[in-house]
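Before any comments, here is the structure.
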């Protein structure tokens, strides 16, 4: 058997690569253990794979390990408890518990083989992992005499495994936030927990270096670490790192500490930190150095070496990518914010001239004129104001959807309700198309979980698109059907149709498409169809377009998921009834006509647009109200004090003192026990604007352009509220 053991030794020597592979996998040849057991051989050392034999002789009280693991040696004459205590002192807690458990099972005869992995602590906090396998040797009475076996240094494998886990955790830490500061702080905290005593990230900004993100343990305070890093990483070293070179100081000497110190006090400070090694390396993203990462190791951890440098370089690369991604995200966010702000201002500026136009048309419609051309001109102006208002709304909606700033208010509804409102809207815009509009919808309810207003927008835009590109005598058909778990909405027309080139990009907006549309007389930005596609997809649906070619009409189809099962019919019925009531109420307000004179309200108008002011003054005078105006904030405060109005109609985008500041000053200056209503009449219509207006204490938010009837309705409600409050007091 000794010959077999020696042959095994020769075999390992002859094929070191195979041996190292066996050892890295932690699989020790079984015949080797058996050879040691039979011969009693206990001191064979191998020169490959960091492998050796070990023995614990219970009769002599000695434990013998290879030289590289000699800290585990014990005896002679050591008792069982002394041997176990020595293991406890040198083996990490989790590992030693498993080892002692298996030894105790061997002592009772319940186990013949031992197999454990142990983590040892060596000099200078160097961690060492060994895998030990052993066999029990019993006497004739089944009493344990000794344990002999083989041990392998598996530190390299364990370190590799731990680093892979750490890299995975580091990636998660870096991806936790879109903020580069938060991401680096997360990584720094993780590094201080596991691989270093302190670390610092010095991130390059447009104006140079700054914004240090620090992570440190209790031995090196965060407050003083920034200055400490600047001393340790000298300008010479920093310049080297900034050129893409890594810096490793595996052993900090007393001379190094003296070079960091300007005086005796600083020297003592650095000595007390017990810094023993330093790594500083570049953070590179897209071939550019965007920062410097520095790590410090003190006596509580092992010294850094070239393997650590390679590992930390991987971390620096990941951190650099995270910072670069965070910057790109912030640039996109700012770009999106700028676009949103631009659209908001554009909307406000374009809605301003629409307001006096719309109000003037409403006033003229009340005149007693029998000329049909006069009436046609008025309705034409009104229709075009409606078109422009719809276009502005669609532009803002597409922008909101693309930036993720829109959310659906889903409820269970009968889809016929918003479709009915969409038809009414379409007919009001294209009254001549009413007689040639064919509608096919089932009588029974078609239930869907959807945002009713968004469904109405989808159908209005499809019908409007058909109305634009269909001749006055042409036909438009709206078909709504349900197939199993899907609802299909088809809008079919016999209008101008589309070529294959136009059809392929019908739901996209780009320069080539706009030019081709204009060349063919189709016109339009295609915003409405973009909105249809976006809203359908928000409802987990889809949209398609078909055409036989130019002059052969078009068909647009929207597919939406329907509701088949009714888990709670009562809840669904209640929700459906509420939807019907709400939408019908909105519909009645939208289409009603009236301009009763009610009077007894004093109204102050504040707007910098003179045409808006004059049109509102004319409208309010026609309604019988007392009205005055101001073009800026200072004038508004004076008029408010002298007039004592019941209602203030206030624009937001006023130069100098804006609407929010004016509202604040009016509220501060109002007479005691006298309330007034504050109405925002503005072109700002985004959700952020609505929130800001509500927060500023406005009672109403009206979006330009406003109709005479809508303004009259709001004021009548206010008058009613004021009369009620006066009566109750």
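The values are calculated or read from the model by the stated rules, or taken from the named source; none is laboratory data. None of these values were measured; they are calculated from a predicted model. Cβ: placed from backbone, ideal geometry, glycine included. Neighbour counts: every protein chain shown.
Filtering the range 426-483 down to residues that are more than 20 Å from residue 391 (Cα to Cα) and without any contact (Cβ under 8 Å) to a residue 24 or more places away in the chain, which residue is surrounded by the fewest Cβ atoms within 10 Å (Cβ to Cβ)? The qualifying residue surrounded by the fewest Cβ atoms within 10 Å (Cβ to Cβ) is 443. Just checking, does the range 347-368 include any residue being over 30 Å from residue 390 (Cα atoms) and either modelled with pLDDT of 85 or more or in a helix (DSSP H, G or I) (or both)? Checking the range 347-368: not a single residue is over 30 Å from residue 390 (Cα atoms) and either modelled with pLDDT of 85 or more or in a helix (DSSP H, G or I) (or both). Taken together, 238, 255 contain a single residue that is in a helix (DSSP H, G or I), surrounded by fewer than 20 Cβ atoms within 10 Å (Cβ to Cβ), at pLDDT 85 or above and in contact with a strand residue (DSSP E or B) (Cβ under 8 Å, 6 or more places away or on another chain), which is 238.
Per the listing 120, 144, the residue uniquely in contact with a helix residue (DSSP H, G or I) (Cβ under 8 Å, 6 or more places away or on another chain), without any contact (Cβ under 8 Å) to a residue 60 or more places away in the chain and buried (at least 17 other Cβ atoms within 10 Å of the Cβ) is 120.
On inspection, residue 165 fails the criterion of being modelled with pLDDT of 85 or more and within 30 Å of residue 109 (Cα to Cα).
When the residues of the range 653-687 are filtered to those that are in contact (Cβ under 8 Å) with a residue 60 or more places away in the chain and surrounded by 14 or more Cβ atoms within 10 Å (Cβ to Cβ), which remaining residue is farthest from the chain's Cα centre (by Cα)?
Here the answer is 681.
Per this entry, residue 709 is not counted among residues that are in contact with a helix residue (DSSP H, G or I) (Cβ under 9 Å, 6 or more places away or on another chain) and either over 24 Å from residue 353 (Cβ atoms) or surrounded by 21 or more Cβ atoms within 10 Å (Cβ to Cβ) (or both). Which one of these is modelled with pLDDT under 80 and more than 53 Å from the chain's Cα centre (by Cα): 77, 61, 52, 94? After ruling out the rest, the residue left standing is 77. Candidates 609, 591, 583: the one that is surrounded by 16 or more Cβ atoms within 10 Å (Cβ to Cβ) and at pLDDT below 85 is 583. In the range 517-537, the residues that are farther than 19 Å from residue 419 by Cβ reach residues that are modelled with pLDDT of 85 or more and assigned to a helix (DSSP H, G or I) with C-beta atoms within less than 9 angstrom, at least six apart or across chains, in these pairs: 522/468; 523/468; 524/465; 524/468; 527/461.
In this entry, residue 310 passes the filter for residues that are surrounded by fewer than 17 Cβ atoms within 10 Å (Cβ to Cβ), in the same structural domain as residue 179 (by TED's automatic domain parsing) and modelled with pLDDT of 85 or more.
In this structure, is residue 114 over 23 Å from residue 53 (Cβ atoms) and in contact (Cβ under 8 Å) with a residue 12 or more places away in the chain? For residue 114, the condition - over 23 Å from residue 53 (Cβ atoms) and in contact (Cβ under 8 Å) with a residue 12 or more places away in the chain - is not met. If you filter the range 620-648 down to residues that are crowded, with 20+ Cβ neighbours inside 10 Å and part of a helix (DSSP H, G or I), you find that the one that is modelled with the lowest pLDDT is 620.
Kindly evaluate residue 617 against the criterion of being under 19 Å from residue 716 (Cα atoms), free of Cβ contacts under 8 Å to residues at least 40 places away in the same chain, assigned by TED's automatic domain parsing to the domain that holds residue 680 and crowded, with 17+ Cβ neighbours inside 10 Å. Answer is yes for this residue.
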